[in-house]
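Peer 1: Following this message is one structure expressed as structure tokens.
Read-outs throughout are calculated quantities, based only on the coordinates presented, and are distinct from any laboratory measurement. Bear in mind that the values here come from a model prediction, so they are computed numbers and not experimental data. A quick note on method: Cβ atoms are made from the backbone with ideal geometry, for glycine too, and the neighbour counts reach across all protein chains shown.
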Amino acid sequence: MTTEKGNGPRRSDTYLAAEITAPGRVELKSLPRPSLGADEVLIEVKASAICGSDLHLYHGKHPDAPLPSAVGHEMAGEVVERGAAVTKVQLGDRVVVEPIIPCGTCHYCRLGQYNRCLNVKYGYRTGRSGLAEYYVASEQWVHHLPAELSYAEGALIEPLAVAVHAVRRADVRLGDQVAIFGAGPIGLLTLAVSKAAGAAQVCMVDIRQDRLAVAAALGATEVVDARLEDPVEYIRQASGGIGASHSFEAVGAQGTLVSALKVLRKGGTATLIGIFENPQVGLEAPIFVQREIGLLGSSGYCWDFPTAIGLVRRRAVNLAPLITHRLPLADVDRAFAAAVDREKLAVKVILEP
Ligand SMILES: [Zn+2]
Ligand SMILES: [Zn+2]
């Protein structure tokens, strides 16, 4: 099988990729340069971002990924080599990667609902780190990165697609009143997408002032520090006494889930995107009937990358306030240390060559 290569400087036979080797320990490993399948492209990574799930891995607490493990799945870069059958991208194209690997043949894949794939895989669980010099992807999961977007913005398209999917699932519309519990990266991006969808009011609740400041920069109409006031009461008042039409739980805890339900007006919908480390929660079952409220979950993304790219391209979503740290890949250990240290006030940590 022949592959087409760029005629830049000859690249070496090995490349560096991050690996979580033990809890709290991340190292750059030298790996042999991959050979490409006919439908695959080699991407020189120009920017990658650390995700909350990468931090679970870093702490050795990821349920599906025993250590040592590859790490990272949010990246953008340039196509530098392509397999013989690739037609969608050219050498030199700027791209972002959708890092999901669905089976393509199960019930859900055949319906096009690939985020529900029964045999889904992710690159980092098959040994491909996104925090690396190079990444191999099948061309069908590569999207063009418009010239208006920086590579750092490109690295944030993946978490933005998670937020796009959640806002679509929730069906937020023009004039809606939205409450979001949890100003982590996904909660913040859900705020930005809710605004872009036309929500009239978006209230962000968190217990970190630095995160609430980012929420304000992204256009939150209200921010509530839950240590200082009762968010449910506050939002009820801010919405004319009736409560939010939509709420999002982006923490993964019993208290915020209960609040996300309590804050709803009758007929409202709460959407769950937080990852629960403690899976058992207690809820007052009768409120679902008495108040005709709904609770639904949102998982990953499904045909949401083009929408996410479009939102940034036309500046309906501004990613700049989320990028708090930029470090070279060589400092990946410092990057993880910054991402987990609350004193460093990190939202998104970007790694660059
Ligand atoms: Zn992610
Ligand atoms: Zn499938």
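Peer 1: Send over the semi-axes of the chain's equivalent ellipsoid, whole angstrom and largest first, taken as the square roots of 5 times the C-alpha gyration tensor eigenvalues.
Peer 2: So the three semi-axes of the chain are 37, 21, 19 Å.
Peer 1: Still on this structure, I have one more. By its C-alpha gyration tensor, with a ≥ b ≥ c as the square roots of the eigenvalues, how is the range 164-297 shaped: rounded for a/c under 1.5, else prolate for a/b larger than b/c, else oblate?
Peer 2: Details: a/c = 1.31, a/b = 1.16, b/c = 1.13.
Rounded.
Peer 1: Could you tell me the distance between the Cα centroids of the range 310-353 and the range 191-209, to the nearest Å?
Peer 2: 20 Å
Peer 1: Can you compute the modelled spin-label distance between VAL289 and ALA320, with each label point 7 Å from Cα toward Cβ, in nm?
Peer 2: About 5.3 nm separates the two model spin labels.
Peer 1: Can you tell me, using C-alpha contacts under 8 Å and at least 6 residues apart, the relative contact order of the chain as a whole percent? Before the final figure, lay out each step's value.
Peer 2: On the way: 803 pairs, mean separation 59.0, N = 353.
Relative contact order here is 17 percent.
Peer 1: For a label point 7 Å from the Cα of THR126 along Cα→C-beta, name the residues of the range 79-94 whose backbone N is under 16 Å from it.
Peer 2: 83
Peer 1: Among the listed pairs LYS29/LYS88; LYS61/LYS88; LYS61/LYS348, give every one whose C-alpha distance is greater than 27 Å.
Peer 2: As for pairs spanning more than 27 Å Cα to Cα, those are LYS29/LYS88; LYS61/LYS88.
Peer 1: Among bridges DSSP assigns within the chain, what percent are antiparallel (round to 5)?
Peer 2: So the antiparallel bridges amount to about 60 percent of the total.
Peer 1: On to the next question. Take the alpha-carbon centre of the range 66-92, take the same for the range 35-60, and report the distance between them in whole Å.
Peer 2: That distance is 8 Å.
Peer 1: Separation between the GLU352 and GLU233 pseudo-spin-labels, each 7 Å from Cα along Cα→Cβ, expressed in nm?
Peer 2: 4.7 nm
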